[in-house]
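Colleague: I have a structure here, written as structure tokens, and I will follow up with some questions on it.
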Amino acid sequence: MALLRSLNVGRPREAAWAGIGRTSIDKQPVAGPVEIGRYGPAGDQVSDTRHHGGLEKAVYAFAREDLDVWAAELGQEIRDGQFGENLTTVGIDVNDAQIGERWRVGEAVLEVTTVRNPCNDFKTWMGRSGYDNTAWVRRFAAVGRPGPYLRVVVPGVAQAGDPVTVVHEPSHGVTVSTMFRALYTDPTLLPELLRVDGLVAQARRKADAYVAHTSR
């Protein structure tokens with residue numbers, strides 16, 4: 001059974017090492033029920049609104065199983081929320097989820113929209129947290145399991161221990177991992193993204209440009 005293991009929130013903190021001088025990547029688990037609104041969980045506030053947050057990136061999910069793989073790779077335990085995720089899940093392969101897939105988490109309904117782009121702030125955060133962050137962006141990208149961003153279709157209350165239930169599954173077959181590879185490591189996959197109804201604008205522009213270039 002898929003469950004929400006932890007619901008994590010963070011607020012902006014001054015950080016000279018961050019690209020804009022502040023960051024909200026340090027997400028901490030919340031005890032008890034939390035309202036998930038259109039722009040994410042109550043108590044969570046995005047720092048870099050150019051690259052994070054908004055309706056299409058309201059919530060970020062990462063699987064506990066993937067954190068455990070990284071913990072084995074790094075030789076250290078990794079707590080829930082360390083990767084900046086709002087939802088730490090168990091029992092569901094969040095990277096095999098299709099773009100447009102919908103989950104019920106507590107009372108909220110969330111829709112998979114796009115993928116995380118690993119950045120230097122993430123790399124620096126890992127190093128400052130005591131992990132080996134050598135070539136972190138490249139290593140993270142090579143695995144191709146970034147976890148999805150989700151939009152909030154139906155706001156509602158959720159808390160650790162709630163079931164995570166797939167309530168809608170598209171038929172196009174474009175998964176979170178496929179989208180990540182298309183955008184960041186294997187551009188030959190970009191045309192596949194055009195099968196997704198309501199594809200986020202950034203991905204559509206990149207896919208359209210690739211198709212236009214290769215069809216000349």
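The values are calculated or read from the model by the stated rules, or taken from the named source; none is laboratory data. Fair warning: this is a prediction, and the values are worked out from it, not measured in the lab. Neighbour counts run over all protein chains shown; Cβ positions are idealised from the backbone, glycine included.
Colleague: Tell me whether the stretch 163-176 contains one or more residues that are under 30 Å from GLY106 (Cα atoms), in a helix (DSSP H, G or I) and modelled with pLDDT of 95 or more.
Modeller: Taking every residue of the stretch 163-176 in turn, at least one turns out to be under 30 Å from GLY106 (Cα atoms), in a helix (DSSP H, G or I) and modelled with pLDDT of 95 or more.
Colleague: Among the residues of the stretch 15-55, write down those that are among the polar types (S, T, N, Q) and surrounded by fewer than 20 Cβ atoms within 10 Å (Cβ to Cβ).
Modeller: Passing the criteria: GLN28, GLN45, THR49.
Colleague: Need the failing condition index for THR214 against (1) touching a strand residue (DSSP E or B) at 6+ places or on another chain (Cβ under 9 Å); (2) surrounded by fewer than 18 Cβ atoms within 10 Å (Cβ to Cβ), just the number.
Modeller: For THR214, the failing item is (1).
Colleague: GLU65: acidic (Asp, Glu), within 20 Å of VAL137 (Cα to Cα), in contact (Cβ under 8 Å) with a residue 12 or more places away in the chain and out of contact with any Leu (no Cβ under 6 Å at 6 or more places or on another chain), yes or no?
Modeller: yes
Colleague: Only residues that are in a loop (DSSP other than H, G, I, E, B) and touching a Leu at 6+ places or on another chain (Cβ under 8 Å): list them for the stretch 2-52, please.
Modeller: The answer is VAL30, ARG38, TYR39.
Colleague: Continuing with this model, one more query. Could you tell me whether any residue of the stretch 177-187 is among the basic types (Lys, Arg), surrounded by 14 or more Cβ atoms within 10 Å (Cβ to Cβ), touching a Leu at 6+ places or on another chain (Cβ under 6 Å) and outside any strand (DSSP E or B)?
Modeller: yes
Colleague: Need the failing condition index for VAL69 against (1) buried (at least 21 other Cβ atoms within 10 Å of the Cβ); (2) out of contact with any Gly (no Cβ under 6 Å at 6 or more places or on another chain), just the number.
Modeller: Here VAL69 clears every test but (1).
Colleague: For the stretch 1-37, enumerate the residues that are more than 24 Å from PRO155 (Cα to Cα), in contact (Cβ under 8 Å) with a residue 12 or more places away in the chain and of a type in the set (D, E, K, R).
Modeller: Residues satisfying the conditions are ARG13, ARG22.
Colleague: Something else: THR88 versus (1) surrounded by fewer than 21 Cβ atoms within 10 Å (Cβ to Cβ); (2) within 29 Å of HIS172 (Cβ to Cβ); (3) in contact (Cβ under 8 Å) with a residue 24 or more places away in the chain: which is the lone unmet condition?
Modeller: Single failed check for THR88: (1).
Colleague: Taking the conditions exactly as written (acidic (Asp, Glu) and surrounded by 21 or more Cβ atoms within 10 Å (Cβ to Cβ)), does GLU107 satisfy them or not?
Modeller: No: the conditions fail for GLU107.
Colleague: Follow-up. Checking the structure you have, find out if any residue of the stretch 148-155 is more than 16 Å from LYS57 (Cα to Cα) and either under 15 Å from the mean Cα position of the chain (by Cα) or not hydroxyl-bearing (Ser, Thr, Tyr) (or both).
Modeller: no
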